[in-house]
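Written out below as structure tokens is the structure these notes cover.
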Amino acid sequence: MERNRVATFRLIALALDALVIAMTWLLVTAARQWLGQRWSLDLIPGEPVLRPLAVGHNVALLILVLPIWLYALRRGRTYDDLRRVRMDVLLLRIARASAFALLFLLTVTFTLQVGRELSRTVLAGFALSSVPAIFLTRVLLIQWIRGRLRGAISHQILVVGTLDDVSPLLEVLRRHQEWGIRVLGILQADDASAEELDGARIMGRIADLPRVLELHAVDEVMVTGSSMSVDTLRQVADSCEELGVTFSMDANFLGLSISKAQLADLDGWHVLSFSAIPEDAEALAVKRAMDVLLSGLALLALAPVFALTALAIKLEDGGPIFFGQERSGLYGRGFKMWKFRSMVIDAEARKAELARLNEMGGPVFKIKSDPRVTRVGRLIRKASIDELPQFWNVFRGEMSLVGPRPPLPREVEEYQRWQRRRLSMRPGITCIWQVSGRNHIDFETWMKLDLEYIDNWSLFLDIKLLLRTVPVVLLGHGAS
């Protein structure tokens with residue numbers, strides 16, 4: 001009954017979102033058509049700011065817009081339990097989902113070549129107005145749901161565990177009682193003598209579970225604590241499965257603060273996985289698509305810069321144009337990262353004699369006024385042109401546009417254990433470190449910023465970092 005109620009609320013939210021998305025798209029299209037007929041100011045004579053709108057084409061694109069936006073909202077967890085979601089969390093999820101949907105729509109229209117008549121004004125106006133429209137509609141729906149559930153008992157939970165383990169869980173569950181959650185009682189996993197705990201009655205021991213499930217309306221059995229044996233857990237799970245009662249187990253006893261749990265089926269084997277890295281397969285696929293598309297376009301657009309840089313390097317000392325260096329990629333996989341050569345030919349051989357001048361802590365080697373850098377090298381480093389060949393590494397899949405910088409294998413050997421987690425995501429050209437001071441930041445802070453990126457990763461964060469990287473590169477902040 002509880003699952004049916006939650007599913008009904010989600011379907012209502014989905015239907016309302018579809019209506020709001022369609023109405024917003026049509027209203028923005030109509031507003032753009034009205035404005036285009038009345039706008040007379042041109043910034044450049046003979047070049048209208050607002051070109052005539054292909055109304056029919058833009059309306060027809062709703063066939064793409066609607067499923068993409070609904071998919072993004074679902075993938076962005078905006079339909080999670082509407083009874084208890086916080087408003088600030090909901091707004092953030094809707095904004096992120098809309099940003100994802102916008103990228104997805106642009107990718108689809110570009111790939112299928114169906115967006116040539118798509119008005120950028122309509123697209124921008126819709127992307128900006130859809131977020132508050134969806135959010136306000138969802139707030140009204142949530143208030144209606146909470147009004148219907150307030151004071152009603154719709155989901156009864158039986159808690160199983162020792163009294164010490166159960167107490168903190170009861171405190172959490174009590175915060176949700178207003179929205180239909182009720183603790184029916186407790187089955188003890190220890191021999192402590194008590195009739196109730198924090199207002200919840202003791203209904204027996206674990207052996208009494210089959211009888212309690214038969215006599216009472218129990219929607220869910222929740223087990224907490226780490227002191228129970230595998231046989232006891234199996235006994236609880238079997239009793240619940242036999243009667244079709246939901247069985248939940250608290251995994252906090254593992255002490256994991258970052259990892260998220262996922263349940264998978266491996267040819268009949270139920271596998272519970274805990275991962276401390278991003279696991280959103282669809283979002284990661286879009287990230288890779290962005291890498292291929294943008295790096296490919298960059299390689300084509302920057303071809304003249306590549307040619308001029310190559311010529312300048314060759315004319316200065318006649319040495320190699322590119323410098324390939326072995327780096328550690330995803331989980332330590334080795335690959336050759338490419339740069340335009342900015343140092344003298346024997347730079348690596350001279351590194352040992354300059355070790356005393358290293359200005360960075362930890363295993364990283366950096367010198368602000370490195371005597372090995374050539375005249376051309378200083379120029380291309382200042383403008384970060386020396387890093388441009390890494391777009392080829394991105395295109396090949398060895399790197400990403402955004403991610404922790406790939407370290408040298410010998411640097412990884414000197415990492416502390418917690419610092420190695422930065423290798424759990426594909427390395428990138430730019431990351432939080434690059435837009436926060438680069439060489440002006442000490443090594444330990446750099447490592448913590450990379451882990452902050454991994455823990456908080458989203459497509460929206462990638463886009464924000466790419467946009468913040470542009471002025472950093474143009475102004476040369478932190479470059480050496």
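So if we plug the beta-carbon distance of residue 171 and residue 106 into 1/(1 + (r/R0)^6) with R0 = 56 Å, what FRET efficiency do we get, rounded to 0.05? That pair, residue 171 with residue 106, gives E of 0.75. Note on segment 155-255: with charges restricted to the Cβ of Lys and Arg (+1) and Asp and Glu (-1), its dipole about the Cα centre is near 180 debye. Rg then Dmax, both in Å and based on the Cα atoms of segment 155-255: 12.4, 35.
Its alpha carbons give segment 281-475 an Rg and a Dmax of 16.5, 49 Å. Residue exposure proxy: 365, 135, 110, ordered by other Cβ atoms within 10 angstrom of their Cβ from fewest to most, comes out as 110, 365, 135.
Distances longer than 16 Å among the Cα atoms of segment 367-462: what percent of all pairs is that? So the portion of pairs separated by more than 16 Å is 62 percent. What fraction, in whole percent, of alpha-carbon pairs in segment 360-409 exceed 18 Å separation? That fraction is 48 percent.
Gain on full extension, evaluated as 0.36 nm per residue between residue 348 and residue 208 minus their Cα-Cα distance, stands at 43.2 nm.
Between residue 310 and residue 141, the simple label model (points 7 Å from Cα in the Cβ direction) yields a spacing of 5.5 nm.
With 0.36 nm allotted per residue and the present C-alpha distance subtracted, the residue 300-residue 196 stretch has 30.3 nm of extension available. Measuring nothing but how far apart in sequence close Cα pairs (under 8 Å, 6+ apart) lie, relative to its length, segment 281-475 scores a relative contact order of 23 percent. Working ranking of peptides 10-19, 120-129 by packing, defined as the average number of other Cβ atoms within 10 Å per residue, highest first, is 120-129, 10-19. Counting 0.36 nm for each residue step from residue 27 to residue 424 and taking away their Cα separation leaves a gain of 138.4 nm.
Bear in mind these aren't lab numbers, they're just calculated from the coordinates by the rules spelled out. Since we're looking at a predicted model, the values are computed, not measured. Note that each Cβ is placed from the backbone with ideal geometry, even for glycine, and that neighbours are counted across all protein chains shown.
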